[in-house]
Number of protein chains: 2
Amino acid sequence: MVTKAAKRAKAGTGRARPTASFALPLASVDVVALSVFEQALQVLLVRRPNARGEPFPGRQALPGGFIDVAVDVDLVSCARRKLHDKTARGSLYLEQLGSWGGAARDPRGWSATHAYLALLPKDDALPGNGGVGAEAEWRRVDEVLRKGGLAFDHLEILTAGVERLRSKAEYTSLPAYLLAEPFTLPQLQRTYEVVLGRPVDKSGFRTRMLSAQFLVEAGYVEGDSNRPPMGYRLREPETPAFFPRTFSPRG
Amino acid sequence: MVTKAAKRAKAGTGRARPTASFALPLASVDVVALSVFEQALQVLLVRRPNARGEPFPGRQALPGGFIDVAVDVDLVSCARRKLHDKTARGSLYLEQLGSWGGAARDPRGWSATHAYLALLPKDDALPGNGGVGAEAEWRRVDEVLRKGGLAFDHLEILTAGVERLRSKAEYTSLPAYLLAEPFTLPQLQRTYEVVLGRPVDKSGFRTRMLSAQFLVEAGYVEGDSNRPPMGYRLREPETPAFFPRTFSPRG
DNA sequence: TTAATAGTGTCTATGAGACAGTATCAA
DNA sequence: TTGATACTGTCTCATAGACACTATTAA
């Protein structure tokens with residue numbers, strides 16, 4: 001069956017639509033969902049179905065899939081749907097990562113995917129609370145990148161997502177979205193260190209974070225056996241902070 | 001409601017080529033092609049066809065159009081085709097800008113466009129040398145943004161492209177791609193000032209550019225009636241330079 | 001010499017990085 | 001008091017910004 005949209009397009013000029021065929025690319029949305037826990041950057045992966053005719057059966061892949069033109073009003077809401085946003089509370093961060101498209105990336109035909117980068121605290125979107133989450137699991141990013149074996153070009157997309165986070169961590173507050181609120185400055189510092197892959201000076205880190213004005217105090221959090229640290233929340237969770245300079249070891 | 005497409009995808013029984021069996025979004029590529037001349041940032045626009053059934057007839061739009069799965073091997077080459085890359089020499093810069101997709105942006109149906117940002121010197125892709133160029137024309141960005149009236153959501157995409165260039169001009173050598181080689185440092189400085197919309201200190205600018213090591217001397221260029229400036233070319237046109245800090249007026 | 005533009009020297013304040021110090025809790 | 005972690009003070013140094021200066025051409 002040919003859709004109304006396609007018929008309309010055909011009725012137009014040759015320039016509006018390739019004349020030879022109606023072939024449209026497959027269109028999907030995939031999400032690189034990252035978190036930090038157990039001292040490591042982690043990514044949410046699902047397993048491809050084993051059914052006949054499915055590409056990359058049984059392989060791990062980024063959560064995502066075809067755009068459903070009857071359900072999704074736009075790309076972002078499609079991404080949220082893929083992530084089951086109802087399970088993600090509070091400070092979910094979602095930004096567009098880029099798009100990958102070509103004749104070769106999917107054996108079923110020319111396909112293009114719109115990739116999104118999601119940052120979320122560990123508690124959110126945990127495997128096991130229904131929907132996609134039930135089949136999803138967190139994996140250490142370093143292991144996934146080392147072993148490879150993801151479906152499609154998802155390894156490349158994952159690499160781009162990690163690189164985006166890493167580079168933005170140099171001058172934005174993005175890593176704060178990887179923690180559940182309230183969090184402490186030492187926790188945030190450790191998160192930055194995991195993301196950046198190098199140690200960060202404590203004093204400089206504190207002044208940097210506090211002078212950026214994106215945190216509000218949320219009362220002391222009790223520790224185990226030491227001075228209780230101050231807890232913080234994001235002042236405006238919708239808008240991350242930008243620092244005037246990048247982190248950089250003297251040089 | 002769940003569509004056939006979604007059911008197929010979930011059940012894993014999708015045919016090898018789901019061309020016409022369920023609704024796929026329209027898929028296009030659009031290019032925000034920018035240049036700087038006449039002391040202003042300029043954008044390349046085309047005019048929408050007046051044919052019956054065409055959306056936004058006669059309106060100005062970004063160059064672009066549907067992906068042709070029989071011709072384009074991937075998104076970038078599709079973008080290059082839309083720009084008629086053969087007319088663009090040397091230092092064409094092309095980067096992905098983002099994607100815009102939704103049910104409402106095209107009256108013909110759910111559509112998604114992959115937008116690219118192209119930076120090119122004035123000489124390249126001039127209106128009048130065949131193909132798209134024949135119908136294309138340069139327009140001052142400030143006027144276009146003020147008057148509006150572009151087809152589809154192209155004004156939003158243009159805004160994003162300009163914003164991308166502006167923000168990257170703070171810490172990269174991207175504006176160098178807006179000039180024909182060889183160019184002089186004063187020319188480059190004026191280009192930065194046009195892009196950034198504010199004056200830049202000469203001395204700081206020079207040390208910044210030269211210490212970034214992305215330029216190579218190309219002999220003196222004759223001026224009119226004054227000291228001849230040194231001409232420069234890009235050392236590696238494929239890879240723009242990143243500065244360690246952003247430009248910023250004291251504070 | 002003058003006008004005009006190209007290019008350089010120099011001073012200063014900012015603020016990040018380094019690191020040693022102090023504060024506050026439990027046991 | 002000790003240990004552990006949270007937090008602060010201070011010194012130094014690179015460098016961006018500001019701006020005055022010199023250089024090189026044509027007329």
**Request:** Tell me, please, whether a residue that is under 19 Å from A:Leu62 (Cβ atoms) and either out of contact with any Gly (no Cβ under 8 Å at 6 or more places or on another chain) or more than 13 Å from DNA strand D (Cβ to nearest atom) (or both) can be found in the stretch A:197-212.
**Result:** no
**Message:** For a quick check of your reading of the model, give me the residue pairs whose first member lies in the stretch B:102-120 and is under 20 Å from B:Ser77 (Cβ atoms), whose second is in a loop (DSSP other than H, G, I, E, B) and at pLDDT below 95, with beta-carbon atoms closer than 7 Å and at least 6 apart or on different chains.
**Reply:** B:Ala118/B:Leu92; B:Leu120/B:Ala88; B:Leu120/B:Leu92
**Pair list, Cβ under 9 Å, 6 or more apart: the stretch A:201-216 residue more than 13 Å from A:Glu170 (Cα to Cα), other residue within 8 Å of DNA strand D (Cβ to nearest atom)** = A:Lys202/A:Leu185; A:Lys202/A:Pro186; A:Arg206/A:Leu185; A:Leu210/A:Leu185; A:Leu215/A:Leu185
**Item:** Leading residue by the ranking (nearest to DNA strand D (Cβ to nearest atom)) among those in the stretch B:213-244 that are within 21 Å of B:Tyr177 (Cβ to Cβ) and basic (Lys, Arg)
**Value:** B:Arg235
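Look at A:Leu188 and say whether it is touching a residue at least 40 places away in the same chain (Cβ under 8 Å) and part of a helix (DSSP H, G or I).
Numbers: touching a residue at least 40 places away in the same chain (Cβ under 8 Å): yes; part of a helix (DSSP H, G or I): yes.
Against the criterion (touching a residue at least 40 places away in the same chain (Cβ under 8 Å) and part of a helix (DSSP H, G or I)), A:Leu188 qualifies.
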**Message:** Which of the numbered conditions does B:Asp153 fail, given that it passes all the others? Conditions: (1) within 16 Å of DNA strand D (Cβ to nearest atom); (2) touching a Lys or Arg at 6+ places or on another chain (Cβ under 7 Å).
**Reply:** (1)
**Request:** Looking at (1) hydrophobic (A, V, I, L, M, F, W, C); (2) touching a helix residue (DSSP H, G or I) at 6+ places or on another chain (Cβ under 7 Å); (3) assigned to a helix (DSSP H, G or I), find the lone condition where B:Val200 falls short.
**Result:** (3)
**Request:** For B:Pro228, work out the one condition from (1) modelled with pLDDT of 95 or more; (2) within 12 Å of DNA strand C (Cβ to nearest atom) it doesn't fulfil.
**Result:** (1)
**Message:** If a residue must be within 7 Å of chain B (Cβ to nearest Cβ) and either among the charged types (D, E, K, R) or touching a residue at least 24 places away in the same chain (Cβ under 8 Å) (or both), how many such residues does the stretch A:21-59 contain?
**Reply:** 5
**Message:** For the stretch B:231-242, give me each residue that is away from DNA strand C (no atom under 15 Å from the Cβ) and not hydroxyl-bearing (Ser, Thr, Tyr).
**Reply:** B:Leu234, B:Arg235, B:Glu236, B:Pro237, B:Glu238, B:Pro240, B:Ala241, B:Phe242
**Request:** Could you list all residues from the stretch A:60-83 that are more than 11 Å from chain B (Cβ to nearest Cβ) and touching a His at 6+ places or on another chain (Cβ under 9 Å)?
**Result:** A:Gln60, A:Ala61, A:Leu62, A:Pro63
**Prompt:** In the stretch A:169-193, which residues are surrounded by fewer than 20 Cβ atoms within 10 Å (Cβ to Cβ) and either among the acidic types (Asp, Glu) or more than 16 Å from DNA strand C (Cβ to nearest atom) (or both)?
**Reply:** A:Glu170, A:Ala180, A:Glu181, A:Pro182, A:Gln187, A:Arg190, A:Glu193
**Request:** Taking B:Val200 as the residue in question, decide whether it is more than 9 Å from DNA strand C (Cβ to nearest atom), touching a strand residue (DSSP E or B) at 6+ places or on another chain (Cβ under 9 Å) and more than 14 Å from every other protein chain (Cβ to nearest Cβ).
**Result:** no
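The values are calculated or read from the model by the stated rules, or taken from the named source; none is laboratory data. Because the structure is a prediction, the values reported are computed rather than measured. Please note: Cβ atoms are built from the backbone with ideal geometry, for glycine as well, and neighbour counts cover all protein chains shown.
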